[in-house]
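Engineer: I'd like to ask some things about the structure below.
Here, each number is a calculation from the coordinates, and none is a lab measurement. The structure presented is a predicted model; accordingly, all values stated were derived computationally and were not measured. Neighbour counts are summed over all protein chains in view; Cβ atoms, including those assigned to glycine, are modelled from backbone coordinates with ideal geometry.
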């Protein structure tokens, strides 16, 4: 399984993903789940993936192939689409197409495959957008009322986001929020694991200004986790019935 979370704020977007992939208790691997498409200053799109690797890897490979195709058009390349909304449509259609092809092959084996994506991006002169794309290819987007989206094992990390994340949250505080959200998930679900990938997209820059791989044993992450645990224990002790 996995956990990916994206925040859409007044200052920009913050994205975080784990890298653990499970195919049974004795087959645990590490795969990157955050992918970048960038023309600095003109357009940036970040995609995070959860679900079947066969689905997500094939979808990303075909999207990249379309971007690299010299004969690509606004209808086929996410880097040429007139808007990020239309780029999300291209991504959703590709996911649905790949899912249909793979499901046809798996049906005879009485198996299934599913995947979902988070897409964040902005083009020069356009609005920054954050979408959750479902396996069927349809999608929803983050709003002022719900400025974050999650895929994978989201339930453990959702409470802190519900309580602290608002559109006015700063990028610095947003990084802290997603990391603590991930920390809660890591503690409660073994199917989510290190290393982590963190990405910062300031609004209107149309480029990635912060990208970080957080490895197991990272001292800053460990200190933050321990400080959060102490704060929770202290807060719990102070509550009177």
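Engineer: Kindly establish whether residue 206 is in contact with a strand residue (DSSP E or B) (Cβ under 8 Å, 6 or more places away or on another chain), part of a loop (DSSP other than H, G, I, E, B) and surrounded by 19 or more Cβ atoms within 10 Å (Cβ to Cβ). I'd like the intermediate steps shown before the answer.
Structural biologist: Values: in contact with a strand residue (DSSP E or B) (Cβ under 8 Å, 6 or more places away or on another chain): yes; part of a loop (DSSP other than H, G, I, E, B): yes; surrounded by 19 or more Cβ atoms within 10 Å (Cβ to Cβ): yes.
Taking the combined requirement at face value, the residue satisfies it.
Residue by residue, here is whether (1) crowded, with 20+ Cβ neighbours inside 10 Å; (2) closer than 26 Å to residue 45 by Cβ; (3) without any contact (Cβ under 8 Å) to a residue 24 or more places away in the chain holds:
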| position | (1), (2), (3) |
| --- | --- |
| 160 | no, no, no |
| 163 | no, no, yes |
| 168 | no, yes, no |
| 186 | yes, no, no |
| 213 | no, yes, yes |
| 222 | no, no, yes |
| 228 | no, no, no |
| 232 | no, no, yes |
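Engineer: With the condition being under 12 Å from the mean Cα position of the chain (by Cα) and under 24 Å from residue 112 (Cβ atoms), I'd like the strands (runs of 3 or more DSSP E) fully within region 1-77 carrying at least 3 qualifying residues.
Structural biologist: Numbers: elements: 3-9, 12-17, 20-22, 28-30, 34-39, 43-51.
Passing ranges, in order: 43-51.
Engineer: Taking residue 180 and the conditions (1) more than 26 Å from residue 45 (Cβ to Cβ); (2) more than 16 Å from the chain's Cα centre (by Cα); (3) surrounded by 15 or more Cβ atoms within 10 Å (Cβ to Cβ), which numbered condition does it fall short on, given that it satisfies the others?
Structural biologist: (2)
Condition check ((1) assigned to a helix (DSSP H, G or I); (2) under 21 Å from residue 19 (Cβ atoms); (3) touching a strand residue (DSSP E or B) at 6+ places or on another chain (Cβ under 9 Å)) across all residues:
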{"residue": "163", "(1), (2), (3)": "yes, no, no"}
{"residue": "181", "(1), (2), (3)": "yes, yes, yes"}
{"residue": "225", "(1), (2), (3)": "yes, yes, no"}
{"residue": "228", "(1), (2), (3)": "yes, no, no"}
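Engineer: Please work out which one of (1) without any contact (Cβ under 8 Å) to a residue 60 or more places away in the chain; (2) surrounded by fewer than 20 Cβ atoms within 10 Å (Cβ to Cβ); (3) part of a loop (DSSP other than H, G, I, E, B) is the condition residue 106 fails and give its number.
Structural biologist: Of (1) without any contact (Cβ under 8 Å) to a residue 60 or more places away in the chain; (2) surrounded by fewer than 20 Cβ atoms within 10 Å (Cβ to Cβ); (3) part of a loop (DSSP other than H, G, I, E, B), only one is false for residue 106: (3).
Engineer: Hey, another quick one. Only one of 241, 190 is within 23 Å of residue 154 (Cα to Cα), free of Cβ contacts under 8 Å to residues at least 40 places away in the same chain and in a loop (DSSP other than H, G, I, E, B); which?
Structural biologist: Numbers: 241 fails: within 23 Å of residue 154 (Cα to Cα).
From the options 241, 190, the qualifying one is 190.
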